[in-house]
């Protein structure tokens, strides 16, 4: 992958509101300062970079400028900058607006 067809989430803007759901996590999450390289199933050839807030046994919580649709599926490819390979299928479990002036959203990604 040469990076020429890669998107970075920070350049995107949001136009719609996210949804709020209950926390259904079963394990602890730990802060994880990294970026996640993720390819969505609708466009596997264009990976997108997301800022990771925290991680747990069941997945990640990421920040994004655009709300992601609950149920979207993709493949978590790598953690950056280390380049640690993940290659694990993920699904959007929830999306919620942060309520901060930056207009970002938090998204829960669950391994499946």
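The values are calculated or read from the model by the stated rules, or taken from the named source; none is laboratory data. Just so we're clear, the structure is a prediction, and the values are computed from it rather than from any experiment. Because the Cβ atoms are built from the backbone with ideal geometry, glycine has one as well, and the counts that use them run over all protein chains shown.
Residues in region 66-93 that are in contact with a helix residue (DSSP H, G or I) (Cβ under 8 Å, 6 or more places away or on another chain), within 13 Å of residue 48 (Cβ to Cβ) and modelled with pLDDT of 95 or more: 72, 74, 75. Report yes if residue 36 is touching a strand residue (DSSP E or B) at 6+ places or on another chain (Cβ under 6 Å) and surrounded by fewer than 19 Cβ atoms within 10 Å (Cβ to Cβ), otherwise no. The answer is no for residue 36. Does residue 35 fit the bill of being part of a loop (DSSP other than H, G, I, E, B) and either closer than 14 Å to residue 96 by Cα or modelled with pLDDT of 95 or more (or both)? Spelling it out, it is not the case that residue 35 is part of a loop (DSSP other than H, G, I, E, B) and either closer than 14 Å to residue 96 by Cα or modelled with pLDDT of 95 or more (or both).
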